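The values are calculated or read from the model by the stated rules, or taken from the named source; none is laboratory data. Note that this is a predicted model, so its numbers are computed, not measured. For neighbour counting, all protein chains shown are included, and Cβ atoms are generated from backbone atoms with ideal geometry for every residue, glycine included.
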Amino acid sequence: MSIFQSLSISGSALTANRLKLDVISSNIANANTTRGRYVNGEWQPYRRKMVEVTPNKPHTFTNYLQQELSLSGVRVNKIVEDTTPFQAEYDPSNPDSNKQGYVMRPNVDVTKEMVDLMSTSRAYEANITAFNAGKSMLLKALEIGR
């Protein structure tokens, strides 16, 4: 294990968590957006997005034997859209209502997003703490050499 590998692992987790925080804040900001994108001649509501995070090293038998899988960090694989159906709300006075008077609302649950926001924020703080602990150990090791 390299002396800087712990900093690299924490750094990769910080990058992934930062992107997750950005996506979650975008979901919360668009929780009431009924015109998210234009598809097939009509507007569709905003669709909730999620970040898919995977380990840097693939899950192979060799990696398990060498016990290197846990020392690889993470990376963002992709940002995917939630396929949960939109919520229909009866509001015939809304300009975005269909012929039956229903407005399609985004599939964003603000309570769920807030829970995700808090857990991702805590994970981000934990990785900052781990990064700072690794940094202080490296500084102490350099002081020994004096």
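Quick notes on this one:
- Scanning the range 34-66 for residues that are within 22 Å of Ile79 (Cβ to Cβ), in a loop (DSSP other than H, G, I, E, B) and at pLDDT below 90 yields Thr34, Arg35, Gly36, Asn56, Lys57, Pro58, His59.
- Filter pass, Glu89 being in a helix (DSSP H, G or I) and either modelled with pLDDT under 95 or more than 20 Å from Met50 (Cβ to Cβ) (or both): no
- Some residue of the range 10-29 being exposed (fewer than 13 other Cβ atoms within 10 Å of the Cβ), modelled with pLDDT of 85 or more, farther than 19 Å from Met114 by Cβ and out of contact with any Asp or Glu (no Cβ under 6 Å at 6 or more places or on another chain): no
- Any hit, the range 126-145, residues being in contact with a strand residue (DSSP E or B) (Cβ under 6 Å, 6 or more places away or on another chain), of a type in the set (A, V, I, L, M) and farther than 19 Å from Lys20 by Cα: no
Yes or no, residue by residue, for (1) in contact (Cβ under 8 Å) with a residue 12 or more places away in the chain; (2) aliphatic (A, V, I, L, M); (3) under 19 Å from Gln5 (Cβ atoms); (4) surrounded by 12 or more Cβ atoms within 10 Å (Cβ to Cβ):
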residue: Pro106; (1), (2), (3), (4): yes, no, no, yes
residue: Glu113; (1), (2), (3), (4): yes, no, no, yes
residue: Thr120; (1), (2), (3), (4): yes, no, no, yes
residue: Ala123; (1), (2), (3), (4): yes, yes, no, yes
residue: Asn127; (1), (2), (3), (4): yes, no, yes, yes
residue: Phe131; (1), (2), (3), (4): yes, no, yes, yes
residue: Gly134; (1), (2), (3), (4): yes, no, yes, yes
residue: Lys140; (1), (2), (3), (4): no, no, yes, no
residue: Arg146; (1), (2), (3), (4): no, no, no, no
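- Of the candidates Lys99, Lys112, the single residue that is within 22 Å of Phe86 (Cα to Cα) and at pLDDT below 90 is Lys99.
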